[in-house]
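Below is one structure, written out as structure tokens, with a few remarks after it.
The values are calculated or read from the model by the stated rules, or taken from the named source; none is laboratory data. As the structure is a prediction and not an experimental result, all values here were calculated from the model. Cβ coordinates were reconstructed from backbone atoms using ideal geometry, including for glycine residues, and neighbour counts include every protein chain displayed. For accessibility, only protein heavy atoms count, side chains too; no ligands or nucleic acids. Shrake-Rupley method; radii C 1.70, N 1.55, O 1.52, S 1.80 Å.
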Amino acid sequence: MISYLIHLLLAFGLLAFTPNHASSDCSCSSSLNRQSKGFCSINEIFTTIKPPKIYSQHRYAKNDMVKLDGGKFQMGTDEPKFMADGEHPARTVYLKPFYLDKYEVSNEKFAQFVNATGYVTEAEKFGDSFVLTILLSDEIKMTLTQAVAAAPWWVPVKQADWRHPEGPGTSISTRMDHPVIHVSWNDAIAYCKWRGKRLPTEAEWEYSCRGNLKGRLYPWGNNLMPKNKHMANIWQGQFPDENTAEDGYIGTAPVTAFDPNKFGLKNMAGNVWEWTNDWWNTRHPDKLQHNPTGPTTGTDKVKKGGSYMCHEDYCYRYRCAARSQNTPDSSASNLGFRCAADFKIKID
Ligand SMILES: [Ca+2]
Ligand SMILES: [Ca+2]
């Protein structure tokens, strides 16, 4: 218990004494990599846990990619919130035309892939994945022995995988239109290849997020809630103990939920983080780049967009310029992806 309290105080102390959202640690960071060694006792973590909600199915069209024209756009920002993340500088990037999925890849879509190929995800091979404690049942909580020291609201759950998002006994049967989760970068690559597609580069993803708006924070502008309307699935309430779910969702939302941006893309901000193809790097050339693909090698892959766990006071990374990283074999209950494709590909 003492160990846990120290970790919790450290986590919140970092937030309390570091202004301007400067905490670099969060659910979204490398603390959730499989190589992480920092774990603490699970005792006393579960204080104000609320059960997850079940939502009705949404439907989406078969042809679910958007053609994007590319051209020049401003990537990154000169007003970074997290200096260590490499959100800066704002720089001009040119992109050739490409396609991007309108939606995050859903459980339904991923199930088609698995049914056709017999693919086994890395979380299934490793035998566990990271789950947010607030989503766990009492039965699963009883089986836990450790949590992530720097982020104790995360726990590695045995047999948590894309079919069993909160561990054994849980199911995606009522969430087939929600984004697939507990998928690693390697899993995402395998899925996109099977579809004849690929992962977007970070530049393609950010261009798509911005939807032709220049220098704005979010896919829809600078106002988080225009006309008091929720525009994305993020966190409301006191993190990590209370999620008031005023946007309608305590965990993932259907991939069709919320308004699209001007490109017709949904949930670029929030819902689940999305893998990109690029290796992680925090220093960027400030000269004009054409179709940048990131470093040629690295240890972590870039993910973009933030998730249902993000709050302005904690992990303020549902901004288009924001970014984070994980090792390619990592997986978690707030991390998914969508695919891109070259313009020359024929989309059915
Ligand atoms: Ca939410
Ligand atoms: Ca997303």
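Based on the Cα coordinates of the stretch 74-121, what is the per residue volume of their convex hull in Å³?
So the per-residue Cα hull volume is 157 Å³.
Using modelled backbone amide H atoms (1.01 Å from N, in-plane), which distant-in-sequence or interchain residues come within less than 5 Å of Arg317's amide H?
Amide H to amide H, under 5 Å and 5 or more residues apart or across chains, Arg317 pairs with His311.
Measuring from label point to label point, each 7 Å out along Cα→Cβ, what is the Asn212 to Lys193 span in nm?
It works out to 3.6 nm between the two label points.
For the stretch 155-272, list log₁₀ I(q)/I(0) at each q in 0.11, 0.13, 0.17, 0.21 Å⁻¹, using the Debye formula over Cα point scatterers of equal strength and ignoring solvent, two decimals each.
Per q value, in the given order, log10 I(q)/I(0) is -0.46, -0.65, -1.07, -1.35.
Once you put a point 7 Å from the Cα of Lys125 and another 7 Å from the Cα of Lys96, both along the Cβ direction, what distance in nm separates them?
If labels sit at Lys125 and Lys96, their model points lie 3.2 nm apart.
Once the piece of chain linking Leu288 and Asn228 is laid out straight, how much longer is it, given 0.36 nm per residue of separation minus the C-alpha distance between them?
The Leu288-Asn228 span can extend by a further 17.8 nm.
With a probe of 1.4 Å, find how much accessible area the stretch 145-194 has per residue, and write the answer as a whole number in Å².
Each residue of the stretch 145-194 exposes 33 Å² on average to a 1.4 Å probe.
What order do you get for 204-211, 73-80 when each peptide is scored by the mean count of other beta carbon atoms within 10 Å, highest first? The partial results should precede the final answer.
Working: 204-211: 25.0, 73-80: 17.5.
Taking the mean over residues of other Cβ atoms within 10 Å, the ranking is 204-211, 73-80.
With every protein chain present, what is the per residue accessible area of the stretch 265-329 (1.4 Å probe, Å²)?
Numbers: 2160 Å² over 65 residues.
Here the residues of the stretch 265-329 average 33 Å² of exposed surface.
Past the 21 Å Cα-Cα mark, which pairs from Lys214/Lys301; Lys67/Lys193; Lys109/Lys266; Lys81/Lys303?
Check vs 21 Å cut-off fails for Lys214/Lys301.
Using only the Cα atoms of the stretch 186-333, build the gyration tensor, take square roots of its eigenvalues as a ≥ b ≥ c, and label the shape rounded, prolate or oblate: rounded if a/c is under 1.5, else prolate if a/b is larger than b/c, else oblate.
Note, shape of the stretch 186-333 comes out prolate.
List the residues whose amide H sits under 5 Å from the amide H of Ser106, counting only those 5 or more places along or on another chain, with H placed 1.01 Å from N in the peptide plane.
The answer is Val180.
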